[in-house]
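Just below is one structure, and these are the notes that go with it.
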Amino acid sequence: MPDRRSPQISSRKQPKQARSTGLVAAVLEAAVQVLAKEGAQRFTMARVAEKAGVSVGSLYQYFPNKAALLFRLQSDEWRDTTELLRVILEDVERPPLERLRTLVHAFIRSECEEAEARVALNDAAPLYRDAPEAQEARASGDRTIQVFMQEALPNVSEATRALAGDLITSTLSAVGKHFSESPRTPAEIEAYANAMADMFCAYLRGIETG
């Protein structure tokens, strides 16, 4: 079979001076706006450059192609989500199920607040989802979940913990995406997050006591 190479998705260079850092920040902000407005199919480097008020040549100094720029947006989103997971789930002063409930509420709110960009990024995922950088980014969040599940379910097998962790994260991601695709009021978000948290907590209690 022919060697199908993934497109280069790493940035060409990292900004070192304040001016360069500001340029990249402006490009990323413009990219989010273009993505939310135009969607993944109409997302182009030229549109981003125009929105950011910079030349296309300046844009290519930092991002070799649109896959690299989209991956930067996605990796920033992954980083923010991973940090959200880490801060909430590693708060050992609180019981595990209380942390899980807090996480569900925070995640659902975040999904709804950034729904347009998230949906477009999901559409663009085929450009970079199989790249090593993407796999590494996802692995970091997986490790946080694994540690949490050891605390939440100390008396069950590793396989059972792995299954529970995968079910919760997969459900939270898929259902959160679906729920956020329509505009939601704060009351709707609160009620939905409460129901989902109740479901997850009941599931973990059943595993631990069963």
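Within the range 114-136, identify whether any single residue is within 17 Å of ARG86 (Cα to Cα) and either loosely packed, with under 14 Cβ neighbours inside 10 Å or in contact with a Pro (Cβ under 9 Å, 6 or more places away or on another chain) (or both), and answer yes or no.
yes
For the subset of the range 39-60 comprising residues that are at pLDDT below 90 and open to solvent by 50 Å² or more (accessible area, probe 1.4 Å), which member is farthest from ASN122 (Cα to Cα)?
ARG42
For residues that are under 18 Å from the mean Cα position of the chain (by Cα) and either open to solvent by 50 Å² or more (accessible area, probe 1.4 Å) or under 19 Å from ASP166 (Cα atoms) (or both), tally how many sit in the range 82-110.
17
Within the range 148-171, does at least one residue satisfy the condition of being surrounded by fewer than 14 Cβ atoms within 10 Å (Cβ to Cβ), hydrophobic (A, V, I, L, M, F, W, C) and closer than 30 Å to LEU28 by Cα?
no
The values are calculated or read from the model by the stated rules, or taken from the named source; none is laboratory data. Here the structure is a predicted model, which means the values were calculated and not measured. Glycine also receives a Cβ, built like all others from the backbone with ideal geometry; neighbour counts cover every protein chain displayed. The protein model used for the area step is the full one, side chains on, heavy atoms only, and it has no ligands, DNA or RNA in it. Shrake-Rupley method; radii C 1.70, N 1.55, O 1.52, S 1.80 Å.
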